[in-house]
Amino acid sequence: MRNLQNPSLSIVFLSLLMVSIACSRRPSDDTIAKDVQNKVATDPDTKDSQISVAAKDGKVTLSGKANTPKAQQKAEQIAREEPGSAGIDDQTTVEPEATPSEQAAPTMAAAPPPPMPKPKPQPIVVPAGTVLTVRTSQALGSKTSQTGQNFLATLAQPVSVGGRPALPAGSTVSGTVVTAKAKGKIKGEGQLDLALTSISVGQHTYPIHTGVLSSTEKGKGKRTAATTGGGAAGGALIGGIAGGGKGAAIGAVVGAGAGLIGGAATGNKQIEIPAESAISFTLAAPLTLPPPHE
């Protein structure tokens, strides 16, 4: 008996056999998904992205967020090249890149506010009308002194402005003899006019302008003292001691704020102010001093 073979049946049988063999060699969906997931998690371009991988019938589905477009493309490439992959469904999104202003915002918010600047110290202004009481360092007199002669003194009492120390006691003060005229034996009056010109505080010397303290001697022992040029005028020089000398001064209030003046009258009725006498002058113009720390 003769065996007959049908060529068409043989071809169909071989095709089915090859498909069956191919299907048996293709990795399972679970294997494909795990393999792609591991590669995405370790690749330098995709490891920082939040991408999930799933597979069904060989089709790989990507979902989640990629940090950059480059990371998204690399994940697609990994899934496409995976053995057994039958297609890709990329559902990932790309994180928007932060603008420079958005990147700087957290830093600006975290920075502490700059410290408030300390208020700048204000200068000290000793107002006009302030009384400066000084002690002379030398004797002065209508007969012994010369017009234009300078003299030195020290501040006897400290001066404060608004509760802040301004001029400390002991500060060196300079003055000038505005007028010195001896009294004649027969007629004419003796006259001694004084004013302060500067004061030294620390390492600095400041010019000052005071009223002129004027003392006169005329008639029979009649003595007067007054301040002019900005101070109050009028008043009497009290306490002249006939025949008195250095150290025999007696302070007296002269006029309205003219201050203290020590004086001693000699036998010929000259005006004399011994050394260490206390004399008060009135500022005719304000004195501006720098802040204490300068």
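The values are calculated or read from the model by the stated rules, or taken from the named source; none is laboratory data. Since the model is a prediction, treat every value here as computed from it, not as a measurement. For neighbour counting, all protein chains shown are included, and Cβ atoms are generated from backbone atoms with ideal geometry for every residue, glycine included.
The selection criterion, being touching a strand residue (DSSP E or B) at 6+ places or on another chain (Cβ under 9 Å), outside any helix (DSSP H, G or I) and either over 30 Å from T154 (Cα atoms) or modelled with pLDDT under 85 (or both), does not hold for L132. Looking only at residues in the range 185-218 that are among the small types (G, A, S), buried (at least 18 other Cβ atoms within 10 Å of the Cβ) and not in a loop (DSSP other than H, G, I, E, B), the one that is modelled with the highest pLDDT is A195.
Would you confirm, using the coordinates I've provided, whether G148 is out of contact with any strand residue (DSSP E or B) (no Cβ under 6 Å at 6 or more places or on another chain) and not in a strand (DSSP E or B)? Yes.
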